[in-house]
1. Kindly list the number of the only condition in (1) away from chain A (no Cβ under 13 Å); (2) more than 30 Å from residue B:28 (Cα to Cα) that fails for residue B:101.
2. State whether one or more residues within segment B:273-280 are more than 27 Å from residue B:348 (Cβ to Cβ) and not in a loop (DSSP other than H, G, I, E, B).
3. So residue B:95 passes all but one of these: (1) at the interface with chain A (Cβ under 10 Å from one of its Cβ atoms); (2) of a type in the set (S, T, N, Q); (3) closer than 12 Å to residue B:143 by Cα. Which condition number does it fail?
4. Any chance segment B:303-311 includes a residue that's of a type in the set (S, T, N, Q) and at pLDDT below 85?
5. If the requirement is being surrounded by 15 or more Cβ atoms within 10 Å (Cβ to Cβ) and touching a Leu at 6+ places or on another chain (Cβ under 9 Å), which of these qualifies: A:169, A:108?
6. On the basis of being touching a Cys at 6+ places or on another chain (Cβ under 8 Å) and either of a type in the set (Gly, Ala, Ser) or farther than 26 Å from residue B:98 by Cβ (or both), does residue B:181 make the cut?
7. Select from segment A:173-217 the residues that are among the small types (Gly, Ala, Ser), assigned to a helix (DSSP H, G or I) and within 11 Å of another protein chain (Cβ to nearest Cβ) and write down the one among them that is surrounded by the fewest Cβ atoms within 10 Å (Cβ to Cβ).
8. When you go through (1) in contact with a Phe, Trp or Tyr (Cβ under 7 Å, 6 or more places away or on another chain); (2) not in a helix (DSSP H, G or I) one by one for residue A:149, which number turns out not to apply?
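The values are calculated or read from the model by the stated rules, or taken from the named source; none is laboratory data. Note that the coordinates shown come from a computational prediction; the quantities given were computed from them, not determined experimentally. Virtual Cβ from ideal backbone geometry, glycine too; neighbours counted across all protein chains shown.
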Amino acid sequence: MSSRRTLAPYLLLIPGLAPIIVLMTLVIGMAVSQSVTWTDVSGKVSLSLEAWRVTFESDQFWRAFLYSARIGTLGAILSVAFAYPVALWLRRPFAGSDLVSALIKAPILVHGLVAAFLYVNFVSFQGFLNVALVGLGLAARPIRMQNDPYAIGVVVLQVWKNMPLAFLILSGSVRAISDDVLNAARDLGAGTFGRLRRVVLPLTLRSLQAALIIIFIGAAGDYTFQAVAGPTSLNSMAQFMVRMETDNGLQGVSLAAVVAVMLMGLSLCGSILLAGLMQFLVKRAGR
Amino acid sequence: MVSDAPALRVENASLRYDRFQALNAVSFSARKGELVTLLGPSGCGKTTLLRAIAGFVPLDSGRVEIEGQDMAGIPPERRDTAMCFQSYALFPHLTVADNIGFGLRQKRLSGSAMTARVEEVAAQVRLSAQLERLPAQLSGGQQQRVALARAMAVRPGVMLFDEPLSNLDAKLRDQVRAEIRSLQRAQGFTAVYVTHDQAEALAMSDLVVVMRAGVVEQMGAPEDIYRRPANRFVADFIGTANIMAAKVVAEDRTNGLYKVATPLGEAVVRSDVPPVAPHVYLCWRPEDARIVSHHETGSLQTNIYRLQVRSRTYLGNLVDLEAGRGESDGESWRIQTHGLGHGASAVNPGDTMTIEIAPERFRFLNEAVT
């Protein structure tokens, strides 16, 4: 009877967990198996690490890897950095706070591709921003901002698109901190920064980590923003994966699979690093 | 040890939220080492007053002085107060030791001094074995003691308690109440204690401040408040009271004797304080009446009333009777007598009994009948 009782909750989890585990296993398994199966032009298939060797020897791959890691990290950190103070500010309702909150969440409704085209139009040579800068006398002639080599445009789009997501995650946990807990800290001598460091940040650490991880994974694997607004001299990992698949004939599948496995590895390692870094910083700040 | 120097003084504190007057010219003071209770029903302003003392809400007018210093413009983190919250408000991510040491860390105590203080306070509240636990791993009573230890650790000038026992069960409440009072006496800290439980207020306080609708109705020692309530609200709120409209028909002020007509019958009242008007409210407590036996009635002459019992409730140590002059109409009065006492076990609903109320047991309230 007791073993049945113990088993029952696990059985109830199966409908939810099983599809996740099956799909994850299939995706990872297929990507890994394809990455080690080298197919040559004759259609001969053999187990091989050739695709890994070719990919790892490619400078373009490593540039794409570092580029995606950089965009993912910057996108995640900046989105959270912008969303966190707003979430704190909107913690207690005030006149107009619902409107501000709704405006912050509005970018969720705009598709990434649409946002990217809007941004490109906005910063293009004849776009609104350049016209305004010249018209206001702030610039003598239009400035080239479209597809900038530092990927500022991509980071801006990532932050614009992901900040609402970070805000949604963070605002819930910030609001969950009771006034009494903050008042108790205040009553015991903690000023604004003391309360932030020693109460608010530790109590919202899990949400901060969740927001960073979710945004990092999305931003590191971005294709849309990069393809429309990114630098033309660089590829993101997703872009590089597609290029490998289309430019290399039959071997393309294996090469793309290697990039896919590396992208998943980047997501995993980057998430762990960011979450760990955040935990370290919060604990250090709380000391 | 209570000293004459005031540790806390509240003068004409007033606060308004839109149309709601939360506090209206409230004044009281607490001497060093004294435990003052703010007592009143929900919404009377007692918690608001406590939060104003802590600095969480600014007053519209009036002042709060702690150790002679005006607190106007001083934020809570710089006031010499520490509060025990109704919800405990423990920091869930910190261990018991870190919770207790939170305020000490803010005061930048050295590591060894802080550890020593935390251990000392934890021992006082019997939490030495739980120092490494998180609040979620503690019982309600233990969490309450952590909150108390956390506030005590910073050795504040004034300790503020916001209904700290309301989340505990009855037995634990009695135990923690006794612990708080004994610690307060031993440590000698000044405390302001908010409660709506009159038994708690009477049991713990040096001074009780009874509040209603943002106004102080009466303040005094627990016994004074109970024995000499100022008005109908205080008489009714503190314990159970029989309140009657009375008309003074004869008076002998020299001897403090008054003859009054009441719905209970004619009564002789002995009072040091004369009635405020010829038509005045008169109060007596349920335990002030004594059920008298048939053979006694002949020898008694004053304040003897024959009443019919309407209901009888056995409360273990007490028997609570509701009785009136007729069977069901007219006013009724509460009479409480010891369960084993004379007459209590013999009377049942419908029976007629004779009660005696000694003249000094009646109190005139400072409230005229209008």
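1. With (1) away from chain A (no Cβ under 13 Å); (2) more than 30 Å from residue B:28 (Cα to Cα) applied to residue B:101, the lone miss is (1).
2. Keep residues of segment B:273-280 that are more than 27 Å from residue B:348 (Cβ to Cβ), which gives B:273-280.
Cutting the leftovers down to not in a loop (DSSP other than H, G, I, E, B) gives us B:279-280.
Yes, some residue in segment B:273-280 is more than 27 Å from residue B:348 (Cβ to Cβ) and not in a loop (DSSP other than H, G, I, E, B).
3. Evaluating residue B:95 over (1) at the interface with chain A (Cβ under 10 Å from one of its Cβ atoms); (2) of a type in the set (S, T, N, Q); (3) closer than 12 Å to residue B:143 by Cα leaves (1) as the failure.
4. Filtering segment B:303-311 for residues of a type in the set (S, T, N, Q) gives B:303, B:308, B:311.
Applying the additional criterion that residues be at pLDDT below 85 yields none.
No, because not a single residue in segment B:303-311 is of a type in the set (S, T, N, Q) and at pLDDT below 85.
5. Details: A:108 fails: surrounded by 15 or more Cβ atoms within 10 Å (Cβ to Cβ).
Result of the check over A:169, A:108: A:169.
6. Working: touching a Cys at 6+ places or on another chain (Cβ under 8 Å): no; either of a type in the set (Gly, Ala, Ser) or farther than 26 Å from residue B:98 by Cβ (or both): yes.
Here the answer is no, as residue B:181 does not meet what is asked.
7. Of the residues in segment A:173-217, the ones among the small types (Gly, Ala, Ser) are A:173, A:176, A:178, A:184-185, A:189-191, A:194, A:207, A:210-211.
Checking which are assigned to a helix (DSSP H, G or I) leaves us with A:173, A:176, A:184-185, A:194, A:207, A:210-211.
In the following step, the residues that additionally are within 11 Å of another protein chain (Cβ to nearest Cβ) were identified as A:176, A:184-185, A:194.
Working: A:176: 12, A:184: 29, A:185: 25, A:194: 18.
Filtering segment A:173-217 for residues that are among the small types (Gly, Ala, Ser), assigned to a helix (DSSP H, G or I) and within 11 Å of another protein chain (Cβ to nearest Cβ), the one surrounded by the fewest Cβ atoms within 10 Å (Cβ to Cβ) comes out as A:176.
8. Single failed check for residue A:149: (1).
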